[in-house]
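Shown next, in structure tokens, is the structure this report addresses.
The values are calculated or read from the model by the stated rules, or taken from the named source; none is laboratory data. Owing to the predicted nature of the structure, the values given are computational and were not obtained by experimental measurement. As a convention, Cβ positions derive from the backbone with ideal geometry for all residues, glycine included, and neighbour counts pool all protein chains shown. These area figures cover heavy atoms from the full protein model, side chains too; ligands, DNA and RNA do not enter into them. Shrake-Rupley method; radii C 1.70, N 1.55, O 1.52, S 1.80 Å.
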Amino acid sequence: MLKNKNIILGVCGSIAAYKSAFLVRLLVKAGANVKVILTPDGANFITPLTLATLSKNPVYTQYFEEESGVWSNHVELGLWADLIIIAPISANTLAKLATGICDNLLTAVYLSAKCPVYVAPAMDLDMWKHESTQFNIDRITAFGNVVISPGSGELASGLFGEGRMAEPEEIVSFLDNSIKKLMPLFGKKVMVTAGPTYEAIDPVRFIGNHSSGKMGFAIADELAKLGADVTLVAGPSAQKSTEILNRVDVTSAEEMFEACNTFFENTFITVMCAAVADYKPKTIATHKIKKQEHNLVLELEKTIDILTSLGKRKKDNQILVGFALETNDEETYAKSKLEKKNLDLVILNSLNDKGAGFKSDTNKITIFNRALEKTVFELKSKTEVAKDICEAILKIIK
Ligand code: CTP
């Protein structure tokens, strides 16, 4: 969740500042872009060089460099951040946040930022328990800031009790979970089908189609980025995903049907993007079919229409999205699929549109909703198309 997030780490004057080095490492490892701001006291506990090396960014300590006159723009830094984490935050900086005192770069960036702010306090037991500190904690929480509570244990003073800054691993997993919870599809189970199906003729041959799986994988990735718990049912495809943890590989329409049947019951959203074969050989030869003198006739039988069968089972609290790949009378066929298959959205691809459909990295879609309202989109990359589809799904949820 922290991948590509812009994070400002504020470090205040506390012995726990040594832990900020580990925190930077973990955030960078999670794929975040990290910029560190040290308060003047923080710089007494850990050097800018350490944090700059680990974060791969210059460390900010003051509004401007005296010698060069280079000015650190607090407003720009505040707006750059997707989130601010101040770890450790001292009793002193807590009090400043509670009252709006702005006497260093970190407090100025805090006041300029529009993103969520998290603080991980670190101080001695009695300072933490003090009514003033607790008052300030309540106050900054009321402003919408999030406190990552300190743990108990041996403190730098030698005393035992509450006041130890949360461990860097705990802070990272706290941030990760908080981001997830803010996502529109957090905790929602979603199923996406992708790719072609292969219907065996004999041990070496099959009936297939040109689907690459790119569109379905892009949709699955996009839904995962919105926080959904995605199950991807994939036909034979060379595509890979780093976002999807639950991938079920299938080959034939029948296998895809079985997988979809298993997962559908608990899914909130299902997007059927796979190019499922409509027909399969009636019998699969046990041995390789040998070349014959005359033509070979294969008898084909219908596969089950997975989407239609899910449409019949669909409950009111489930969203079902299907595709319609057409070459003629596109809108009429798409609308009839929406109705016949009991869909909430149908995504129309016309093979008459250049750059749309199979194999390419782009697609051009038209979406019809249940009220048969039509939205036409430009030719875009499949990632962008996936975003448009997810946007249309989120509109239904809202
Ligand atoms: N689909 C399915 N099972 C099938 C065939 C199609 O679940 N056996 C799904 C596809 O994943 C897609 C939608 O149905 O979401 C429409 O697929 P498409 O091939 O466009 O249409 P068909 O219903 O197969 O009809 P036709 O081929 O006659 O256009």
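Just a few scattered comments:
- Cα gyration tensor shape of the range 189-397, rounded if a/c is under 1.5, else prolate or oblate by comparing a/b with b/c: prolate
- The protection proxy used here, the mean number of other Cβ atoms lying within 10 Å of each residue, ranks peptides 35-44, 161-170 as follows, highest first: 35-44, 161-170.
- Taking the charge dipole of the chain about its Cα centre, with +1 at Lys and Arg Cβ atoms and -1 at Asp and Glu Cβ atoms, the residue from 190, 49, 368 reaching farthest to the positive side is 368.
- Listed residue pairs exceeding 23 Å between alpha carbons, taken from 188/395; 180/359; 315/335; 180/387: 180/359
- Global geometry of the range 6-181, whether rounded, prolate or oblate, following the gyration tensor of its Cα atoms and the 1.5 cut on a/c: rounded
- Considering only beta bridges that DSSP places wholly inside the chain, some 35 percent are antiparallel.
- Expressed as a whole percent, the proportion of Cα-Cα pairs in the range 317-359 lying more than 16 Å apart is 37%.
- Highest average packing first - 7-17, 231-241, Cβ atoms within 10 Å: 7-17, 231-241
- Electrostatic dipole magnitude of the chain [Cβ: Lys, Arg +1; Asp, Glu -1; Cα centre; debye, to 20]: 1020 debye
- Carbon + sulfur, % of accessible area of the chain - ligands and nucleic acids excluded, 1.4 Å: 53 percent
- Interchain or long-range residues, amide H under 5 Å from residue 201's placed H: 206, 207
- Each stretch of four or more DSSP H residues adds -39500 (n - 2.57); spread over every residue of the chain, this sum gives -10000 deg cm²/dmol at 222 nm.
- Residues whose amide H lies under 5 Å from that of residue 324, counting only those 5 or more places away or on a different chain, are 347, 348, 349; hydrogens are built 1.01 Å from N in the peptide plane.
- Long-range HN-HN contacts of residue 36 with modeled amide H, under 5 Å: 9, 60
- Working note: Karplus 6.51/-1.76/1.60 with θ = phi - 60° gives the range 196-208 the couplings x, 10, 10, 10, 5, 9, 8, x, 10, 10, 8, 9, x Hz, where Gly and Pro are set to x.
- In terms of its alpha-carbon gyration tensor, the chain comes out prolate; a/c meets the 1.5 threshold, and the first ratio a/b outweighs b/c.
- Whole-Å distance, taken between Cα centres, linking the range 205-228 and the range 305-352: 17 Å
- Set of aspartates and glutamates with alpha-carbon distance to residue 5 below 14 Å, sequence-local pairs under 8 removed: 82, 176
- Shape annotation for the range 1-73: C-alpha extents along the principal axes are 38, 26, 16 Å, from largest to smallest.
- Accessible surface, the range 153-221, averaged per residue in Å² (probe 1.4 Å): 44 Å²
- Protection proxy ranking, highest mean first, for peptides 361-372, 188-199: 188-199, 361-372, where packing is the per-residue count of other beta-carbon atoms within 10 Å, averaged.
- Over the range 317-398, all Cα pairs binned in 5 Å intervals from 0 give whole-percent P(r) values of 3, 16, 29, 25, 19, 7, 1, 0, listed from short to long.
- D by Stokes-Einstein for the range 188-254, Kirkwood Rh over Cα pairs, 20 °C, 1.002 mPa s: 174 µm²/s.
- Environment charge of residue 148, counting only residues whose C-beta is closer than 11 Å and scoring Lys/Arg +1, Asp/Glu -1: -2
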